[in-house]
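What follows is one structure encoded as structure tokens, with my remarks underneath.
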Amino acid sequence: MKKILIANPKGGSGKTTLATNLAGYFASKGRQVHLLDLDQQQSSKGWLQRRPPTLPKINRVRSVNALKKKKNVEIVIIDSPAGIRGDKLSDAVKDADWVIVPMQTSTYDINATQAFMNILKAEKAVRKERTFVAMLGMRVDMRTKAAANLAQYLAENGFPVVGNLRNAQIYAHTAEQGISIFDIPLYQAKKDIEQWAPLLKWMKQLAD
């Protein structure tokens, strides 16, 4: 079983967009995927309820305890709650194989995430490389000064940067239908799928 924790203490950072599309990617590859939504808004749960039954199946798991009882689970993607901290954060990080931190470009997002990054660096599981952490820019317009500021911050944070996803309407449109960008014809999402390549490559390297 591989566990992927999507975490950022700031709400609206893009955790659900990342979690649901990552689940869609692995499901499209024939993997047995479970999605665990720990956020109070339950956006991932709602997305899963809208998912058409004709698409590759993504299983919902209701809680961490319920997950422990399941068998033959390949991949678990955890959409963490905003404000996760303390023992809950430490336990979640220790239990994960990968932690992916989505970040937007605003100064507010960068400042809100700095303390969280320091906590991650101090976690024993991260320092011992039992849990691997990476950063991903979300809703990034590379032409802006804010994008340049985010790029500089990410380059200095000490964790690998595994790409940037643009602010595209395709994410909103697919979310409304309970599908991911990996469930639609390639020509409709080619540019966006290309932006996922660095993240997927990073995960594949660690899995191999």
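When the range 1-95 is described by a simple charge dipole with +1 on each Lys and Arg Cβ and -1 on each Asp and Glu Cβ, the residue from SER13, GLY86, GLY24 located farthest towards its positive end is GLY24.
Which shape class applies to the range 2-202: rounded if a/c is under 1.5, otherwise prolate when a/b exceeds b/c and oblate if not, where a ≥ b ≥ c are the square roots of the Cα gyration tensor eigenvalues? Oblate is the answer for the range 2-202, as a/c is 1.5 or above yet b/c matches or exceeds a/b.
In a simple Cβ point-charge model (Lys, Arg +1; Asp, Glu -1; nothing else charged), the chain has a dipole of about 520 debye relative to its Cα centre. On full extension, the segment bounded by GLN41 and LYS68 gains 7.4 nm, given 0.36 nm per residue less the C-alpha separation. With θ taken as phi - 60° and the Karplus curve 6.51 cos²θ - 1.76 cosθ + 1.60 applied, the whole-hertz 3J(HN,Hα) list for the range 36-50 is 10, 9, 9, 7, 4, 6, 6, 5, 5, 4, x, 4, 5, 5, 7 Hz, x standing for glycine and proline.
Mean residue ellipticity at 222 nm from the helices of the chain, using -39,500 (n - 2.57) per DSSP H segment of n ≥ 4 over the full residue count, to the nearest 500 deg cm²/dmol? Dividing the helical sum by the residues of the chain leaves -14000 deg cm²/dmol. The range 92-129 and the range 161-208 have Cα centres spaced 21 Å apart. Neighbours of LEU38, meaning other residues whose beta-carbon lies under 15 angstrom from its beta-carbon, give a summed charge of +2 when Lys and Arg score +1 and Asp and Glu score -1. Measuring gaps between exposed loop sites in the chain (GluC sites (Glu not before Pro); DSSP loop; at most 14 other Cβ atoms within 10 Å), the longest gap, sites not included, is 130-208.
By the count of neighbouring beta-carbon atoms within 10 Å, fewest first, SER28, SER63 end up ordered SER63, SER28.
Bear in mind that the values in this text are calculations on the coordinates, not laboratory data. Please read all numbers here as calculations on a predicted model, not as lab measurements. All Cβ positions, even for glycine, are placed from backbone atoms using ideal geometry, and neighbour counts span all protein chains on display.
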